[in-house]
Amino acid sequence: MDEPLEIEQEGVGTPAWAAFGDLMAGVLGAFVLVLAAALVGQLDLANQLKAEVEQRQAEQARREALERALAGPLADGRITLVEGRIGISGAVLFAIGSDQLHADGRALIKSLAVPLRTYLAQRDEILMVSGFTDDRGMLTGKGAPKFSDNWELSAQRALTVTRTLMAEGLPPDAVFAAAFGPQQPVASNDDASGRALNRRVEIAPTPRPRRAAASAP
């Protein structure tokens, strides 16, 4: 009389073990998925870090190449080089409120043309020539240059330097002008020394914009 009961008990136990096996298989599968996702994430992070290191190395190499190209003007203090931007004091280039180059300023721009042309010939870059002013209003009175505001003055100064570089052999498609007026000062405009620092022209190599592919006919 006991044998049917034992058979029934065995029948009840078998599905339990099967369910436990399915549960463990599911847990193992989930663990494998989590592990795979972690490995993929680590790989993506490693690739991202590698790309960042390569970008920093390329940027450092670019700055060192620019320093070598401009070693002469840098050594005698006629220009500065900060974060890849060539800085020239406005007093070296222009009279206050003017967009006409001093003789010394013109000579300086001419001296930069050859090393900059050589530098650009080795890279897919162009030069952005940026004009900056202090925050003081425009000069007025007889003989004062006629500019509507500091934006216009900074634009005309940038154009003057740009045209001088082109006259000295830089290709027209390798240089362009930008105007910032009193924006982005590097010093306080509250005193004369700070305003003198803000009146400046910067020349900065920048990647050449990619041209859209021509549409197929």
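Annotations for the structure displayed:
- Only residues that are free of Cβ contacts under 8 Å to residues at least 40 places away in the same chain, open to solvent by 50 Å² or more (accessible area, probe 1.4 Å) and under 24 Å from the mean Cα position of the chain (by Cα) were counted across the stretch 79-117, and they come to 3.
- Residues being of a type in the set (S, T, N, Q) and either at pLDDT below 95 or open to solvent by 80 Å² or more (accessible area, probe 1.4 Å) (or both) - total across the stretch 118-132: 2
Per-residue answers, yes or no, for (1) at pLDDT 90 or above; (2) open to solvent by less than 30 Å² (accessible area, probe 1.4 Å):
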| residue | (1), (2) |
| --- | --- |
| G137 | no, no |
| F180 | yes, no |
| Q183 | yes, no |
| N189 | yes, yes |
| L197 | yes, no |
| V201 | yes, yes |
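- So K50, is it touching a residue at least 40 places away in the same chain (Cβ under 8 Å) and either among the aliphatic types (A, V, I, L, M) or open to solvent by 40 Å² or more (accessible area, probe 1.4 Å) (or both): no
- Residue match in the stretch 1-14 (condition: modelled with pLDDT of 75 or more, part of a helix (DSSP H, G or I), loosely packed, with under 14 Cβ neighbours inside 10 Å and among the polar types (S, T, N, Q)): no
- Within the stretch 139-178, if we keep just the residues that are of a type in the set (K, R) and open to solvent by 40 Å² or more (accessible area, probe 1.4 Å), the residue that is modelled with the highest pLDDT turns out to be R163.
- Cβ separations smaller than 9 Å between residues 6+ apart or across chains give the following pairs from the stretch 164-178 residues that are at positive phi to residues that are surrounded by fewer than 16 Cβ atoms within 10 Å (Cβ to Cβ): G169/V114.
- Some residue of the stretch 163-179 being of a type outside the set (V, I, T) and closer than 17 Å to A91 by Cα: no
The values are calculated or read from the model by the stated rules, or taken from the named source; none is laboratory data. This is a predicted model, so every value here is computed, not measured. Glycine also receives a Cβ, built like all others from the backbone with ideal geometry; neighbour counts cover every protein chain displayed. Ligands, DNA and RNA are stripped out before the accessible areas are found, and what is left, the full protein with its side chains, is counted by its heavy atoms. Shrake-Rupley method; radii C 1.70, N 1.55, O 1.52, S 1.80 Å.
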